Amino acid sequence: MKHFFILIILLTSQMLLSQESISEPSKLWTLDNLFDYALENNITVKDAALNKNIAEVDYSKTKSSRLPDLFGSASQTFSNGNSIDPITSDFVSDQIYSTNVSLNSSMTLFQGNQINNQIAQNELLLNQSAFLEEETKNSIIVSILENYLQILFAKEGIAIAENNLIASEKEVETAKARLDAGSIALSDYTEAQSQAATNQYAVIAAKNTYQQYIITLKQLLELDPTEDIEIETLNDEVDYVYLELDRLDIYNKALDILPEVSASKIGVEVSEKELDIAKGAYLPSLSLVSSLGSGYTSINDNNFSDQFNVNFNQRIGLSLSIPIFNRNQTKVAVQTAQINIEKAQIYEQTIEKEVYKKVETAYQNATSAQEQLKAAEASKAAAEQTYKLAQKKYDLGGLSTTDLIISQNTYTNAQQNYLQAKYLSILYHQLLQFYQGNDIKL
């Protein structure tokens with residue numbers, strides 16, 4: 001009996017702990033929280049940052065190519081029979097043990113200005129990688145904004161569907177009472193039931209859509225799929241009115257500030273530097289070479305230390321290489337670089353066209369959504385009033401079930417159209433602000 005009571009206490013404690021964990025509220029995410037967390041944790045952003053780190057390493061590596069190199073070498077050899085002594089260069093016919101050590105260094109003095117151009121090119125690539133990283137961050141910010149508004153849209157859609165379900169269930173009860181009283185036909189009652197079932201399905205579909213958007217948001221944030229999140233709703237007092245702006249001014253501003261445009265311009269400069277590097281191979285190269293060395297040979301009567309002192313040598317000189325013919329490799333490299341310049345220029349034009357399309361689309365959609373919002377708001381108010389009157393008539397028996405359902409569906413469509421226009425107006429207004437370099441603030 002004692003053990004039984006202990007077991008009951010343990011189970012009760014476990015249930016209480018479970019209830020506390022279940023009732024623990026989810027973290028409330030604001031839009032700024034979403035932006036900050038995504039920019040810090042999204043793997044696409046991390047990958048772009050690593051690409052920038054690689055560009056930094058390559059730039060540092062290229063700058064180091066101006067420095068001299070230094071190599072050390074050591075060898076121990078044994079020769080038997082007729083051979084040339086590697087230390088004295090005498091021709092001997094004997095067994096020879098020899099040791100040779102050396103330090104060798106070289107430094108490029110001139111190479112068709114290729115080193116300077118490679119350094120300049122890698123610096124451009126580093127700058128370009130920074131813009132590409134910024135472009136990736138912008139893409140994530142826009143994706144977060146779109147997904148955030150989709151979640152809020154879906155959340156309000158759930159509320160509309162649930163309200164419709166509650167109303168239709170009440171209508172079923174009313175229809176059942178009127179059927180029992182013999183004031184309506186069975187078909188009217190079954191039609192009310194059908195509408196309630198349809199609204200039940202709409203609630204399930206709305207919740208599923210909401211969860212799909214939540215999944216997308218978790219992936220953008222790199223959150224665990226099992227983690228629960230709650231999104232902060234918008235302030236009802238937020239002004240959604242679209243500011244009248246000139247689309248050409250927005251486009252020109254976007255060309256000045258969007259990182260993908262800057263990256264494409266740098267791409268042209270990178271290709272031009274590649275052409276300079278390729279042309280440098282036509283010119284001769286001049287290098288400074290030097291070495292220190294010494295050695296020991298067994299055919300010399302002096303000991304190891306004395307020979308190393310005697311054989312110590314120092315050399316310094318210049319090495320000139322003049323290109324004469326390299327199977328047209330340089331010519332092909334120059335032609336390829338010229339083609340890549342044209343491709344980079346085309347890509348720059350493509351990016352500018354894409355920016356114009358984005359701005360024009362956002363501008364047109366913002367204008368359209370704003371006009372639709374005004375019309376949808378008026379339509380929703382009228383449909384709501386009509387639906388309320390229809391409910392009163394239905395309760396008094398002055399309206400058929402079919403007419404009531406039609407009125408309800410009209411009101412539902414008006415609500416959904418209003419929500420769609422509302423969130424599209426917010427989205428495209430914010431995109432236009434974003435294309436002008438302004439922060440997204442809701």
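The values are calculated or read from the model by the stated rules, or taken from the named source; none is laboratory data. Not measured: the values here are computed from a predicted model. Here the Cβ positions follow ideal geometry from the backbone for every residue, glycine too, while neighbour counts run over all protein chains shown.
Among the residues of the stretch 161-183, write down those that are hydrophobic (A, V, I, L, M, F, W, C) and within 21 Å of LYS388 (Cα to Cα). It would help to see each step written out before you state the result.
Applying the first criterion (hydrophobic (A, V, I, L, M, F, W, C)) to the stretch 161-183 yields 161, 165-167, 172, 175, 177, 179, 181.
Result: ALA161, LEU165, ILE166, ALA167, VAL172, ALA175, ALA177.
Out of curiosity, is ILE405 modelled with pLDDT under 95 and not assigned by TED's automatic domain parsing to the domain that holds LEU132? Step through it out loud before you land on a result.
Values: modelled with pLDDT under 95: yes; not assigned by TED's automatic domain parsing to the domain that holds LEU132: no.
For ILE405, the condition - modelled with pLDDT under 95 and not assigned by TED's automatic domain parsing to the domain that holds LEU132 - is not met.
What number of residues in the stretch 392-409 are touching a helix residue (DSSP H, G or I) at 6+ places or on another chain (Cβ under 7 Å) and either part of a helix (DSSP H, G or I) or among the aliphatic types (A, V, I, L, M) (or both)?
Result for the stretch 392-409: 10.
Based on this model, can you work out whether TYR210 counts as in contact with a Lys or Arg (Cβ under 8 Å, 6 or more places away or on another chain) and either of a type in the set (Phe, Trp, Tyr) or surrounded by 14 or more Cβ atoms within 10 Å (Cβ to Cβ) (or both)? Spell out the reasoning first.
Working: in contact with a Lys or Arg (Cβ under 8 Å, 6 or more places away or on another chain): yes; either of a type in the set (Phe, Trp, Tyr) or surrounded by 14 or more Cβ atoms within 10 Å (Cβ to Cβ) (or both): yes.
So TYR210 fits the description; yes.
Does any residue of the stretch 192-205 turn out to be exposed (fewer than 14 other Cβ atoms within 10 Å of the Cβ) and of a type in the set (Gly, Ala, Ser)?
Within the stretch 192-205, the subset exposed (fewer than 14 other Cβ atoms within 10 Å of the Cβ) is 197, 201, 204-205.
Then keep just the ones that are of a type in the set (Gly, Ala, Ser); that gives 197, 205.
Among the residues of the stretch 192-205, at least one is exposed (fewer than 14 other Cβ atoms within 10 Å of the Cβ) and of a type in the set (Gly, Ala, Ser), which makes the answer yes.
Conditions tested, residue by residue: (1) surrounded by fewer than 13 Cβ atoms within 10 Å (Cβ to Cβ); (2) within 30 Å of TYR282 (Cα to Cα); (3) in contact with a Cys (Cβ under 9 Å, 6 or more places away or on another chain); (4) in the same structural domain as SER271 (by TED's automatic domain parsing).
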position: GLU40; (1), (2), (3), (4): yes, no, no, yes
position: THR62; (1), (2), (3), (4): no, yes, no, yes
position: GLY72; (1), (2), (3), (4): yes, no, no, no
position: VAL92; (1), (2), (3), (4): no, no, no, no
position: ILE96; (1), (2), (3), (4): no, no, no, no
position: PHE131; (1), (2), (3), (4): no, no, no, yes
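Determine whether the stretch 360-379 contains at least one residue that is assigned by TED's automatic domain parsing to the domain that holds LYS253, within 23 Å of VAL270 (Cα to Cα) and under 39 Å from the mean Cα position of the chain (by Cα).
First pass over the stretch 360-379, keeping only residues assigned by TED's automatic domain parsing to the domain that holds LYS253: 360-379.
Right, trim to within 23 Å of VAL270 (Cα to Cα) and you get none.
No, the stretch 360-379 contains no residue that is assigned by TED's automatic domain parsing to the domain that holds LYS253, within 23 Å of VAL270 (Cα to Cα) and under 39 Å from the mean Cα position of the chain (by Cα).
Looking at (1) at pLDDT below 95; (2) of a type in the set (S, T, N, Q); (3) in contact with a helix residue (DSSP H, G or I) (Cβ under 7 Å, 6 or more places away or on another chain), can you tell me which one ASN417 breaks?
Just one mismatch for ASN417, condition (1).
The conditions are (1) among the hydroxyl-bearing types (Ser, Thr, Tyr); (2) surrounded by fewer than 15 Cβ atoms within 10 Å (Cβ to Cβ); (3) assigned by TED's automatic domain parsing to the domain that holds ASP94, and SER294 fails exactly one of them. Which is it?
Failed condition: (2).
Quick check on the stretch 70-126: of everything there that is of a type in the set (Phe, Trp, Tyr) and free of Cβ contacts under 8 Å to residues at least 24 places away in the same chain, which residue is nearest to ALA55 (Cα to Cα)? Even if it seems obvious, please write down each step before you answer.
Step one: filter the stretch 70-126 for residues of a type in the set (Phe, Trp, Tyr), giving 71, 78, 91, 97, 110.
Of the ones still in play, those that are also free of Cβ contacts under 8 Å to residues at least 24 places away in the same chain are 78, 91.
Values: PHE78: 48, PHE91: 55 Å.
Of everything passing the filter in the stretch 70-126, PHE78 is nearest to ALA55 (Cα to Cα).
Could you list, in sequence order, all residues of the stretch 248-300 that are of a type in the set (Asp, Glu) and closer than 15 Å to GLN121 by Cβ?
Filtering the stretch 248-300 for residues of a type in the set (Asp, Glu) gives 249, 256, 260, 269, 272, 274, 276.
Scanning the stretch 248-300 gives GLU269, GLU272, GLU274, ASP276.
Each row is one residue, and each column tells you yes or no for (1) in contact with a Leu (Cβ under 8 Å, 6 or more places away or on another chain); (2) closer than 23 Å to LEU419 by Cβ; (3) of a type outside the set (Asp, Glu).
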site: GLU133; (1), (2), (3): no, no, no
site: SER139; (1), (2), (3): no, no, yes
site: TYR148; (1), (2), (3): yes, yes, yes
site: ILE160; (1), (2), (3): yes, yes, yes
site: LEU165; (1), (2), (3): no, yes, yes
site: SER168; (1), (2), (3): no, yes, yes
site: SER187; (1), (2), (3): no, no, yes
site: ASN199; (1), (2), (3): yes, yes, yes
